[in-house]
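Take a look at the structure below.
The values are calculated or read from the model by the stated rules, or taken from the named source; none is laboratory data. Predicted model only: the values in this text are computed from it and were never measured. Positions of Cβ are backbone-derived with ideal geometry, glycine not excepted, and every protein chain shown enters the neighbour counts. Remember, those area values only see protein heavy atoms, side chains included, never the ligands or the DNA or RNA. Shrake-Rupley method; radii C 1.70, N 1.55, O 1.52, S 1.80 Å.
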Amino acid sequence: MEAAGKEEISVEDEAVDKNIFKDCSKIAFYRRQKQLSRRATYQASLDSATIGKDSTKFQIISETTKVSLLAEVYGIEGNIFRLKINEETPLKPRYEVLDVLTSKPSTVRLISCSGDADSLVLTDGKGDLKCNITANPFKIDLVSQEEVVMSINSLGQLYFEHLQIPLKQRAAKENKEDTSVDASQEDQEDLGLWEEKFGKFVDVKVNGPASVGLDFSLHGFEHLYGIPQHAESHQLKNTSDGDAYRLYNLDVYGYKIHDKMGIYGSVPYLLAHKLSRTVGIFWLNASETLVEINTEPAVKYTLTQMGPVAAKQKVRCRTDVHWMSESGIIDVFLLTGPTPSDVFKQYSYLTEP
């Protein structure tokens, strides 16, 4: 029997002070994407798409900023698709991750099954997978046996901040007030467009904000895993009622369990599983990244047998995953499985020697 009055020690007493680390409310690019992404609608110019040996290229135009982005879709050996989105004419080269892929992936020529100014359907000609690209609004569907497995930008959360000349330099160069910048954004200090403060640290952004973001809808999936390292449950949880999962390399002593904050390393690799298929998303970006997850069963309304009263019935669920990174480009590999073993082989093919 323990001695009376012995002091109890709680693990929580030794847990890290979270105030010294950022949460979502303190991360400027997260706030910007949540507030401004709905204003940015993109349209793909598919009538001028070029289908080459290695990739299919087309422009994506922002209806708000009129900035032109270059999208590239690659077919990779082993049922892998790759999507890259970058500024077509950036102010200076944006950072691309070079040291993670073991070598340049072997590409498979994609063939156009059908296409016009409104849509384009690509396939590698071997498997049952098709890549359906819709022009307005821009969206990509991965289809297997006439069933949509994954949708990209179906929620319209594509977000791409283009590099800019500092406001003062523009005004001096043009000898007048710059009218291309939304003054209401300048007035909102918490957006951290050109400078961001956290405690005593100041992050000056020489070429302005440069964050990117994109949403993925996984149809029929409700079990997601991956994006380490976090002291959370094995199965990833919904983030709609709290902070997103943060991918940021740290060295945290005494971290709390059941918490989505990053603790050590970060791996932007997520997989989703259901009985009939397993898929993976490998978001190749080395900057600070936040991942939001929302899983809800879809519902449809039918007439009951008791009368014309609409009743909810559960149908195939859908999980939405929203990736947001502070800088770089959008470079994502879609690992289409279809089995768990296939997804692990596909990821190993890209990242292991």
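I'm checking my understanding of the structure. Among residues of segment 143-160 that are in a loop (DSSP other than H, G, I, E, B) and either in contact with a Cys (Cβ under 9 Å, 6 or more places away or on another chain) or open to solvent by less than 40 Å² (accessible area, probe 1.4 Å) (or both), which one is nearest to residue 216 (Cα to Cα)?
So, considering only residues that are in a loop (DSSP other than H, G, I, E, B) and either in contact with a Cys (Cβ under 9 Å, 6 or more places away or on another chain) or open to solvent by less than 40 Å² (accessible area, probe 1.4 Å) (or both), the one nearest to residue 216 (Cα to Cα) is 153.
Exactly one of these conditions fails for residue 140: (1) of a type outside the set (D, E, K, R); (2) open to solvent by 50 Å² or more (accessible area, probe 1.4 Å); (3) under 30 Å from residue 208 (Cβ atoms). Give me its number.
(2)
Of everything in segment 89-103 that's surrounded by 12 or more Cβ atoms within 10 Å (Cβ to Cβ) and closer than 18 Å to residue 68 by Cβ, which residue is modelled with the highest pLDDT?
94
Do we have any residue at all in segment 206-221 that's over 18 Å from the mean Cα position of the chain (by Cα) and surrounded by fewer than 15 Cβ atoms within 10 Å (Cβ to Cβ)?
The answer is yes, given that some residue of segment 206-221 is over 18 Å from the mean Cα position of the chain (by Cα) and surrounded by fewer than 15 Cβ atoms within 10 Å (Cβ to Cβ).
Take the residues in segment 236-256 that are open to solvent by 70 Å² or more (accessible area, probe 1.4 Å) and without any contact (Cβ under 8 Å) to a residue 40 or more places away in the chain; name whichever of them is farthest from residue 277 (Cα to Cα).
Among those residues, the one meeting the criterion is 251.
Please determine, by comparing only the residues of segment 28-45 that are part of a helix (DSSP H, G or I) and either among the aromatic types (Phe, Trp, Tyr) or under 15 Å from residue 88 (Cβ atoms) (or both), which one is most open to solvent (accessible area, probe 1.4 Å). Working first, answer last.
Here is the first cut: in segment 28-45, the residues part of a helix (DSSP H, G or I) are 28-39.
If we keep only those that are either among the aromatic types (Phe, Trp, Tyr) or under 15 Å from residue 88 (Cβ atoms) (or both) as well, we get 29-30.
Values: 29: 4, 30: 32 Å².
So the residue we want is 30.
What tally of residues in segment 116-137 results from selecting those that are touching a residue at least 40 places away in the same chain (Cβ under 8 Å), surrounded by 17 or more Cβ atoms within 10 Å (Cβ to Cβ) and not hydrophobic (A, V, I, L, M, F, W, C)?
The total comes to 2.
Out of the strands (runs of 3 or more DSSP E) lying entirely within segment 289-337, which hold 3 or more residues that are farther than 20 Å from residue 221 by Cα, among the aliphatic types (A, V, I, L, M) and at pLDDT below 65?
307-325
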